[in-house]
Amino acid sequence: MTIILMRHGKPDHQAGGRLNAQALAAWCEAYDLALVCDSPPPRSVAIASQAQVIVTSPLPRARSSLAKLGMQASEVDALFSEVEIPILPSERIWLPALLWLALLRLLWLCGYAGRAESVQGARERAEQAADKLVALSRNGTVLLVGHGIMNKMIARALRKRGWQAEKHASSRHWSTAIYHRPFI
């Protein structure tokens with residue numbers, strides 16, 4: 001049994017200049033609606049073609065990545081969506097978008113969630129996602145086209161269940177992590 005976790009392609013949404021928290025929230029919303037603007041590398045196409053079961057997040061960057069692979073999902077589930085970035089309630093701080101994203105993800109990992117899903121909530125959702133992927137793998141090799149942080153959390157949940165990594169999760173666009181169930 002094999003599960004492939006693939007990160008979506010590069011979204012057609014660039015980081016802007018300096019933003020305050022309100023502008024960052026709008027930027028994040030636009031990012032969530034963005035399609036991908038690049039094509040998958042041949043290695044990603046070859047790996048994806050091994051799948052018999054294809055699942056994806058409902059976010060457009062994941063679904064359009066699947067379309068760029070020339071594939072259709074057998075299942076689309078919000079369980080596989082990326083973890084939101086928490087937004088600070090301050091309008092006075094102006095920072096570049098990439099700095100905001102790094103700072104807010106670090107704050108999130110340290111326990112600040114604001115109105116976003118907590119780290120514990122995301123871990124629980126990743127556990128549910130791993131359970132679903134394991135169940136789907138009984139029907140053949142599973143491909144999940146998902147997102148960076150959530151894919152890493154799902155990978156961790158798979159390893160806790162005894163799945164072994166042939167290739168670990170990466171944060172690069174189109175990267176794949178491949179997990180196999182050891183024979184018992």
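Okay, here's what the table says:
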{"read-out": "Any chance Leu144 is closer than 27 Å to Gly70 by Cα and outside any helix (DSSP H, G or I)", "value": "yes"}
{"read-out": "Filtered residues of region 1-26 (kept if of a type in the set (A, V, I, L, M, F, W, C) and outside any helix (DSSP H, G or I))", "value": "Met1, Ile3, Ile4, Leu5, Met6, Ala15, Leu19"}
{"read-out": "Residue list for region 93-128, filter: in contact with an Asp or Glu (Cβ under 8 Å, 6 or more places away or on another chain) and under 27 Å from Ile54 (Cα atoms)", "value": "Glu117, Arg125"}
{"read-out": "Counted residues, region 120-165 - those being farther than 23 Å from Ser44 by Cα and open to solvent by 10 Å² or more (accessible area, probe 1.4 Å)", "value": "12"}
{"read-out": "Conditions (1) surrounded by fewer than 20 Cβ atoms within 10 Å (Cβ to Cβ); (2) within 27 Å of Leu69 (Cα to Cα); (3) free of Cβ contacts under 8 Å to residues at least 40 places away in the same chain; number of the one not met by Arg181", "value": "(3)"}
{"read-out": "Qualifying residue in region 160-168 (condition: among the small types (Gly, Ala, Ser) and touching a helix residue (DSSP H, G or I) at 6+ places or on another chain (Cβ under 6 Å))", "value": "no"}
{"read-out": "Single residue of Ala97, Ala113 found to be under 30 Å from Lys68 (Cα atoms) and among the small types (Gly, Ala, Ser)", "value": "Ala97"}
{"read-out": "Of residues in region 122-135 being over 13 Å from Leu5 (Cα atoms) and among the aliphatic types (A, V, I, L, M), the one nearest to the chain's Cα centre (by Cα)", "value": "Ala122"}
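One line per residue, one yes/no per condition, for (1) closer than 21 Å to Leu88 by Cα; (2) more than 16 Å from the chain's Cα centre (by Cα); (3) among the charged types (D, E, K, R):
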residue	(1), (2), (3)
Ile3	no, no, no
Arg18	yes, yes, yes
Ala21	yes, yes, no
Glu29	yes, no, yes
Asp38	no, yes, yes
Val45	no, yes, no
Val55	no, no, no
Pro60	no, no, no
Ser65	no, no, no
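Condition check ((1) closer than 23 Å to Arg18 by Cβ; (2) of a type in the set (A, V, I, L, M, F, W, C); (3) open to solvent by 30 Å² or more (accessible area, probe 1.4 Å)) across all residues:
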position	(1), (2), (3)
Asp77	no, no, yes
Glu82	no, no, yes
Pro86	yes, no, no
Pro89	yes, no, yes
Ile93	yes, yes, yes
Pro96	yes, no, yes
Leu103	yes, yes, yes
Ser118	no, no, yes
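The values are calculated or read from the model by the stated rules, or taken from the named source; none is laboratory data. The structure presented is a predicted model; accordingly, all values stated were derived computationally and were not measured. Cβ atoms come from the backbone with ideal geometry, glycine included; neighbour counts cover every protein chain shown. Side chains included, ligands, DNA and RNA excluded: accessible areas come from the protein's heavy atoms. Shrake-Rupley method; radii C 1.70, N 1.55, O 1.52, S 1.80 Å.
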